[in-house]
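A.B. asks: Pasting a structure below so you can have a look.
The values are calculated or read from the model by the stated rules, or taken from the named source; none is laboratory data. What you see is a predicted model, and the numbers here were worked out from it, not measured in a lab. Neighbour counts are summed over all protein chains in view; Cβ atoms, including those assigned to glycine, are modelled from backbone coordinates with ideal geometry. Calculation scope for accessible area: heavy atoms of the full protein, side chains included, ligands and nucleic acids excluded. Shrake-Rupley method; radii C 1.70, N 1.55, O 1.52, S 1.80 Å.
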Amino acid sequence: MVDLADAHYPISIDSAKGKLGWTPRHTLRGTLPEMVTRLMGDPKRWYEENNLTWTDALREEAAASRRPT
């Protein structure tokens, strides 16, 4: 995901409303805290559910973040 972090995807909700009659049911501001909570609670499952690659480096990082300091 870090590789995609600086990618620019121009998005216009107004365009989607006009062309498709579509409006979002959720906002990023409202949804992001829940996404972070789920990611931190079970990173491997979160990666799998979102069709992302779970690597050994991510596994090690997740394990390290759970160790007491």
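A.B. asks: In region 26-56, which residue that is of a type in the set (D, E) and closer than 17 Å to R66 by Cβ is most open to solvent (accessible area, probe 1.4 Å)? Even if it seems obvious, please write down each step before you answer.
C.D. replies: Applying the first criterion (of a type in the set (D, E)) to region 26-56 yields 34, 42, 48-49, 56.
With the extra rule that they be closer than 17 Å to R66 by Cβ, the set shrinks to 42, 56.
Details: D42: 66, D56: 104 Å².
This residue is D56.
A.B. asks: Could you go through region 31-46 and let me know if any residue there is of a type in the set (F, W, Y) and not in a helix (DSSP H, G or I). Lay out the reasoning, then the answer.
C.D. replies: The initial filter retains those residues of region 31-46 that are of a type in the set (F, W, Y), namely 46.
Narrowing the set further to residues that are not in a helix (DSSP H, G or I) leaves none.
No - not one qualifying residue is present in region 31-46.
A.B. asks: Further question on the same structure: Could you count how many residues in region 7-20 are surrounded by fewer than 10 Cβ atoms within 10 Å (Cβ to Cβ), among the aliphatic types (A, V, I, L, M) and not in a loop (DSSP other than H, G, I, E, B)? Before you say what the answer is, go through the steps one by one.
C.D. replies: First, the residues of region 7-20 that are surrounded by fewer than 10 Cβ atoms within 10 Å (Cβ to Cβ): 7-12, 14, 19-20.
Of the ones still in play, those that are also among the aliphatic types (A, V, I, L, M) are 7, 11, 20.
After this cut, where a residue has to be not in a loop (DSSP other than H, G, I, E, B) as well, the list is 20.
Residues in region 7-20 being surrounded by fewer than 10 Cβ atoms within 10 Å (Cβ to Cβ), among the aliphatic types (A, V, I, L, M) and not in a loop (DSSP other than H, G, I, E, B): 1 in total.
A.B. asks: Oh, and also: With respect to T23, determine if the residue is among the β-branched types (V, I, T), assigned to a helix (DSSP H, G or I), open to solvent by less than 100 Å² (accessible area, probe 1.4 Å) and free of Cβ contacts under 8 Å to residues at least 40 places away in the same chain. Full working, then the answer.
C.D. replies: Working: among the β-branched types (V, I, T): yes; assigned to a helix (DSSP H, G or I): no; open to solvent by less than 100 Å² (accessible area, probe 1.4 Å): yes; free of Cβ contacts under 8 Å to residues at least 40 places away in the same chain: yes.
Against the criterion (among the β-branched types (V, I, T), assigned to a helix (DSSP H, G or I), open to solvent by less than 100 Å² (accessible area, probe 1.4 Å) and free of Cβ contacts under 8 Å to residues at least 40 places away in the same chain), T23 does not qualify.
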